[in-house]
Amino acid sequence: MYTYEHDEAVRKLLNKRTPVLPDKMIKKCVRKVHKMSDIFHEAREKFGSPLYFLDIPSLNERAERFLSVFSEAFGDFSPFFAMKSCNHPYIIQTLAGMGFGIDVSSGRELETAISCGAEKIVFSGPAKTMTELELAVRHSDRVTILCDSFTELNKLTVIGKPIRVGVRLTTENNPLWRKFGIQHDELEQFINMAENSCVTFCGIQFHSSWNLNPDNHVELIRNLGKTIQKLPKDHKKRIEFIDIGGGYWPEEGEWILADTAEEMKLNKQLLNQPCDPLDHRYLPATDISTYADALSAAFNEHILPYAGCRVFAEPGRFVAHGAIHMLLTVEDIKQPDIAITDGATNMLGWERYEMDYFPVINVSQISETEYPMMVLGSLCTPHDVWGYAYHGGGMSIGDLLIIPDQGAYTYSLRQNFIKEIPESVVFSGINHELVNCTFLTQSQD
Ligand SMILES: Cc1ncc(COP(=O)(O)O)c(C=O)c1O
């Protein structure tokens, strides 16, 4: 079983060097939290602990940045926030109020988007049910359905009411990703069928996830250009928009535990050597304006000569990243190296911090120094980890801890497991006002 190829592969992997997360990037994040420490203490005094702390100035800043950079790059551009990345109604309302459309992927999300006042909605996602499509058709004034298959188009024909539709194209050969969209060579047939039905065909969507740089997106735009080029002239004219999906990584890059870096993981398996809890790694990401420029150059070269259309995008993670911070209190200290918090990782529904790194920041004992310590949640399972180190001048029962920048793929995955789901508090930034928004979230839980 063991071959020379294994030898080579192991050597190659062990020689890999995942970059060390620069200390100045961690410090920047820690200092931002320290500056807001009074408001975190006030939130706990007024509303208790644990809490989802909604940071609206941070949300606004990222949303505005995305909007301005992409609008400048593309001119005729519309963003649709991907609700799956964060379905907090206050956040959806805020973004809808800023002119963002909303990208929904279920009837449930569609109802939330409508109740939050979204005026423009794209409805994507596989295997939409008859009930979901009927709901969308009832709101055809604001919803464009991005069909995922011919079956969905047939269902819309059965419903028999007019609505705008686009179609998602499959982007990858990866077996699990083939569940999304139709093949490129089926596009002409899809447009023909749509034209002979009650719906109006008006656009094309694709999506690819987890892009740290624009290379993958650029390749997808190039391929789409080839497909569009082959379409009959009257089909090309019908394309009003190309929706380039989401998947833009926050500019900070992906922060991971040293254990998660491939070469370190292998080293640990082979030699059983644990990683240093203060060793953090990262995968750098392209800044968003360079990203948008690369996409617009590809669009101008490969699509515009054949279809003079507008551009939609569906950012999720990039916009939501800084919108929520986890607010926790130390409930118990077991050993000098084990702290247990009142809140737990059912707040985010997955074991994120067994792979990803985010600083755990003690705002009761402020210090920029990081110390090793296991900071764990209070669920009755060992897979309930916030981190393996904390920034602070010590750690005591009753201390207030913040884990910043947890807005994406946390709240929307919250889990009704063992402990209750905490309340949310909104920091609007205006007069440092704090508002409890339980009334908004109750209907969702
Ligand atoms: C169709 C679609 N659009 C947009 C997104 C948002 O991606 P991200 O949060 O990485 O920007 C997703 C995420 O999976 C998606 O499936």
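The values are calculated or read from the model by the stated rules, or taken from the named source; none is laboratory data. It should be emphasised that the depicted structure is a prediction, and the values quoted were computed from it without experimental measurement. Using ideal geometry, Cβ is built from the backbone for each residue, glycine included, and neighbour counts are taken over all protein chains shown. For accessibility, only protein heavy atoms count, side chains too; no ligands or nucleic acids. Shrake-Rupley method; radii C 1.70, N 1.55, O 1.52, S 1.80 Å.
Brief remarks on what is shown
- Among the strands (runs of 3 or more DSSP E) confined to segment 250-323, the ones with at least 2 residues that are modelled with pLDDT of 95 or more and more than 16 Å from the ligand (Cβ to nearest atom) are located at 254-257, 280-283.
- Hits in segment 203-220 - residues which are in contact with a strand residue (DSSP E or B) (Cβ under 8 Å, 6 or more places away or on another chain) and within 11 Å of Ala298 (Cα to Cα): His217
- Considering only residues in segment 284-308 that are in contact (Cβ under 8 Å) with a residue 24 or more places away in the chain and of a type in the set (S, T, N, Q), the one that is farthest from Thr18 (Cα to Cα) turns out to be Ser296.
- Residue within segment 227-236 that is under 27 Å from Cys147 (Cα atoms), crowded, with 17+ Cβ neighbours inside 10 Å, outside the structural domain of His391 (by TED's automatic domain parsing) and within 16 Å of the ligand (Cβ to nearest atom) present: no
- Strands (runs of 3 or more DSSP E) wholly inside segment 41-105 that include at least 3 residues being within 16 Å of the ligand (Cβ to nearest atom) and not aromatic (Phe, Trp, Tyr): 77-82, 101-104
- For segment 403-436, a residue qualifies if it is touching a Cys at 6+ places or on another chain (Cβ under 8 Å), assigned to a strand (DSSP E or B) and polar (S, T, N, Q), and exactly one does: Ser424.
Here is a yes/no grid of residues against (1) open to solvent by less than 10 Å² (accessible area, probe 1.4 Å); (2) out of contact with any strand residue (DSSP E or B) (no Cβ under 8 Å at 6 or more places or on another chain):
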position: Thr329; (1), (2): no, no
position: Asp332; (1), (2): no, no
position: Gly343; (1), (2): yes, no
position: Ala389; (1), (2): yes, no
position: Met395; (1), (2): no, no
position: Leu401; (1), (2): yes, no
position: Tyr409; (1), (2): no, yes
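- Which listed residue is part of a loop (DSSP other than H, G, I, E, B), over 24 Å from Leu187 (Cβ atoms) and of a type in the set (Gly, Ala, Ser), from Ala127, Ala118: Ala118
- Cβ separations smaller than 6 Å between residues 6+ apart or across chains give the following pairs from segment 247-262 residues that are under 10 Å from Leu283 (Cα atoms) to residues that are within 16 Å of the ligand (Cβ to nearest atom) and not charged (D, E, K, R): Gly253/Leu283; Gly253/Ala285; Glu254/Leu283.
- Residues in segment 345-362 that are open to solvent by 10 Å² or more (accessible area, probe 1.4 Å) and in a strand (DSSP E or B): Asp356 alone.
- Residue within segment 60-72 that is open to solvent by 30 Å² or more (accessible area, probe 1.4 Å), at pLDDT 95 or above and farther than 19 Å from Tyr248 by Cα present: no
- Flag if Phe150 is open to solvent by 10 Å² or more (accessible area, probe 1.4 Å), away from the ligand (no atom under 16 Å from the Cβ), in contact (Cβ under 8 Å) with a residue 40 or more places away in the chain and hydrophobic (A, V, I, L, M, F, W, C): yes
- Qualifying residue in segment 121-128 (condition: open to solvent by 60 Å² or more (accessible area, probe 1.4 Å) and of a type in the set (A, V, I, L, M)): yes
- Residue check, Tyr371 among the aromatic types (Phe, Trp, Tyr), in the same structural domain as Phe206 (by TED's automatic domain parsing), open to solvent by 20 Å² or more (accessible area, probe 1.4 Å) and at pLDDT 95 or above: no
- Among the candidates Thr341, Thr410, Thr329, Thr381, residue that is within 16 Å of the ligand (Cβ to nearest atom) and modelled with pLDDT of 95 or more: Thr410
- The residue that is nearest to the chain's Cα centre (by Cα), counting only those in segment 237-255 that are open to solvent by 10 Å² or more (accessible area, probe 1.4 Å) and at negative phi, is Trp249.
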